1. Which residues, taken from segment C:93-114, are out of contact with any strand residue (DSSP E or B) (no Cβ under 8 Å at 6 or more places or on another chain) and more than 7 Å from chain A (Cβ to nearest Cβ)?
2. Could you list all residues from segment A:45-64 that are free of Cβ contacts under 8 Å to residues at least 12 places away in the same chain and either in contact with a Lys or Arg (Cβ under 7 Å, 6 or more places away or on another chain) or in a helix (DSSP H, G or I) (or both)?
3. Here are some residues: C:Val134, C:Val141, C:Val87. Which one is of a type outside the set (Phe, Trp, Tyr) and within 14 Å of another protein chain (Cβ to nearest Cβ)?
4. Please verify whether C:Glu94 is acidic (Asp, Glu) and assigned to a helix (DSSP H, G or I), treating the condition exactly as stated.
5. From the list B:Ala140, B:Ala157, B:Ala126, exactly one residue is open to solvent by less than 10 Å² (accessible area, probe 1.4 Å), touching a Phe, Trp or Tyr at 6+ places or on another chain (Cβ under 7 Å) and over 27 Å from B:Val37 (Cα atoms). Which is it?
6. With among the small types (Gly, Ala, Ser) and exposed (fewer than 14 other Cβ atoms within 10 Å of the Cβ) as the only criterion, which of A:Gly249, A:Gly228 stands out?
7. If A:Ser107 satisfies every condition in (1) out of contact with any strand residue (DSSP E or B) (no Cβ under 8 Å at 6 or more places or on another chain); (2) at pLDDT 85 or above but one, which is the exception?
8. Can you name the condition, by its number, that C:Gln161 falls short on among (1) assigned to a loop (DSSP other than H, G, I, E, B); (2) away from chain A (no Cβ under 13 Å)?
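The values are calculated or read from the model by the stated rules, or taken from the named source; none is laboratory data. Model, not experiment: these values are computed from the prediction. Cβ coordinates were reconstructed from backbone atoms using ideal geometry, including for glycine residues, and neighbour counts include every protein chain displayed. Keep in mind that these areas ignore ligands, DNA and RNA; they rest on the heavy atoms of the full protein, side chains included. Shrake-Rupley method; radii C 1.70, N 1.55, O 1.52, S 1.80 Å.
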Amino acid sequence: MSGVLDSLYVYRRFLGVSLRSQMQYKASFLMQLAGRLLVNSGELIAIFVLFDRFGSIGGWNVYQVAFLYGIVNVSFAVADAMSTGFDLFGDMVKSGDFDRILTRPRSTVLQLGGQELTLRRISRLTPGIAALVFAAMNLELDWSLANSGLLLLSVAGGAALFAGLIVLQATLAFWTTETLELMNALTYGGVETTQYPINIYRPWFRNFFTFGVPLATVSYFPSLAIMGVPDPLGTPLWFQYLAPLIGIGFLLASLQVWRFGVRRYMSTGS
Amino acid sequence: MSSYWAILSARFRSLLQYRAAALAGLMTQVFWGLIRVMIFQAFYRSSNAEQPMSGSDVETYIWLGQAFLAALPWNVDTDLRAMIRTGGIGYELVRPVDLYSYWFSRALAWRTAPMLMRAVPLLVFAFVLMGMSPPVSLGAGLAFAVSMCAAIMLSAAMTTFLNVTMLWTIAGDGVMQLTFGLIMIFSGMLVPLPLFPDWSQPVINAMPFRGLVDTPYRLYLGHIPLSEFAGVLAHQLFWIMAFLIAGRIAMASALRKVVVQGG
Amino acid sequence: MSQIVVEDLVKRFRISERDPGMMGAVRGLFRRRYQTVDALDGVSFSIEPSELVGYIGPNGAGKSTTVKVMSGILVPDSGRCEILGRVPWRRRNEHVKELGVVFGQRTQLWWDLPVIESFDLLRDIYRIPRVEYVANRDEFVEVLGIEACLDVPVRQLSLGQRMRCDLAAALLHSPAILFLDEPTIGMDAVSKIAFREFIKRFNEERGTTVILTTHDMDDIEVICDRVMVISDGMIISDGKLEDLRKKVSIERRLVVELEDGAVPAVHPRAVIAGSERGRVDIRFDPDVVSATELISDVTSRNRVRDIFVENPPIEELIARIYEGQGR
């Protein structure tokens, strides 16, 4: 237990250090924040623009989609902030900085997770939270203990799933030095996809994000339960409550793959 | 101009080395295009109201956007950024060339090489498998080609301007982020501009960003008739000149009080 | 048992090759050729506690591969490596606690932060007890003369300052073994001297084992008692520096710059290897004629503008070792 606490302490220290690093460049700091906010709000603005024209999508109104958008984007922001080191991992392998990490007596996951928490990544939270608040004010949700808990679980499951994807993407750097955008399609494309209800997509695509990379599973089904909307795809309520756990399982599996990658790195040196 | 060809060729060669990355990039954009097409199809299914643009036009607009995505000024020159951070920019400043023209041709090459690599296979894919439609007429096709060239020039002019701003603030990300946000929203990349609320159209049309995406694509679709071609092209050219001049002024004044960071 | 035991290490790498030019790049899209390189081809040695070992060899000879294996970063294809009774790559966390590593070209300090913050963070990473940390830090700061650097962001330090800070950072946790990989490369003369003196002194006081890879024979001469030479993945010489000297009778160079274009006159036991625009390259064997003797001889016979002694580059040393073996 003390090992875990100690690791958490070191993790917090890593984060503090990286925030202070960024404060070193005060001049562009505010502008960067504003810019990030604008970029990250883009999709939300797009949602409002489109609902202004079309009124609804697949039977969902703008508030419901904003709710889903909020869950997905907060999940992603949390995951992204916690795994920056993995995001930059390809460069670290090339520059040899990963060797340095291996010469320190701490787990690679801890060191990479605490690598660099940038404000731009935190700024991604803002539109997500704003959308959740906007949705909550208009949807008349029942904030029972079960529903609140499910919301948190859904965000946690989503964050774990995204973090797992980012870790998997980083693991690829052990095999190829080429930056593979393909995994970005899964993360960023996953955000784009799952901020709309999954029933609007073609079946093969829907299945991919339900079973293959279960991003829709951890956000779409729980939000149906919270909003009290019956699933047009016909899933039972208990499934909607348990679905977010899949994300946590996915992260644990990804970390196993990561450990395999580290072992391979240590035997090939590249 | 010779530096342009040299950089273009070098960029091509370095891009070709990364075959997996090229393929992955292509698949990413196909995937991305599919997501967007499906979302827009769902919106069009959900409403019977008359829209300023037909559903199939929007699909073609999206595929064009995916094909020419790499031409957008979505980042600063990472080499230049590194040079400014480390102080190596000092060497750039003592070269016997007009630095601004050199940076501009560099930016132009930076934008063209990856765009050409992706545009061709993506357009083939969209035509053959996704039912993307050809230009409405030969004239529309020609107008699109001319306007697309102007779009790339505009993109390079913006990139150069952004590169220059890095001389002012070392972490240059600020201006870049702000500009990038504006580009994403007001170029048409996220939502085709005609779908924006009617009251916002005059503002959006005055801004430079539509010249990167919306203007050429709507010429292609015939959504902007050929009779308006001269007007929209002039709009693009005006903003190209504006960014070039602004960048030149900014650079001159940055160099006057040059503080080479870190040196 | 020795502190470090390396036996018969073998490591092979596969490297892809590319053809030059545009056509080559296009061809590379479809077909890639690979080449196998023996980085380590049966390397064995053992090192006792508190030894000062120089590890030299040309680029690509296997120096850093060996260091990586010993650091637990790289697993060899075959062979044995035990450090303090542990196999480095098996229990990485316990192993690396006993190690300090300095890579000359890269810093382990946080680029945008004041040096002291990096030190504090390392304390937490290595779980260094407070008292030990403060004592070590204060001692290193004083001896290395980095007091003024502590509150400065790393990116604003000169290379010499930064390397001294990096050295302190690598030793904060009192490691039993210190790896230095090309630490003095690109350093100014003052920093080099401070750096070398510190390492010698640290070794004497704490008994830390030091393994140093370098291209600078002066580093070896000042710091090391023992020199291992690696070439093409094999150790071709291992012993005291004097023994190596004797074995290959290393010539030294005296470079003299003369006032005018006069033909230089030289001691009978030295050889003029080259002469260009008043700059004369003299080779001599320090066992036959000492440097001081030769210098006073040269200055008495010629009008000298500048004079200095040079060690031959490592490549030359290795060529001579091969010659010696062939003889």
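1. Within segment C:93-114, C:Gln105, C:Thr107, C:Leu109 meet the criteria.
2. First pass over segment A:45-64, keeping only residues free of Cβ contacts under 8 Å to residues at least 12 places away in the same chain: A:45-46, A:49-50, A:52-56, A:61.
Those that are free of Cβ contacts under 8 Å to residues at least 12 places away in the same chain and either in contact with a Lys or Arg (Cβ under 7 Å, 6 or more places away or on another chain) or in a helix (DSSP H, G or I) (or both): A:Ile45, A:Ala46, A:Val49, A:Leu50, A:Asp52, A:Arg53, A:Phe54.
3. On inspection, the qualifying residue turns out to be C:Val87.
4. Details: acidic (Asp, Glu): yes; assigned to a helix (DSSP H, G or I): yes.
Against the criterion (acidic (Asp, Glu) and assigned to a helix (DSSP H, G or I)), C:Glu94 qualifies.
5. Residue meeting the stated conditions: B:Ala157.
6. A:Gly228
7. (2) is the only condition that A:Ser107 fails.
8. All conditions are met except number (1).
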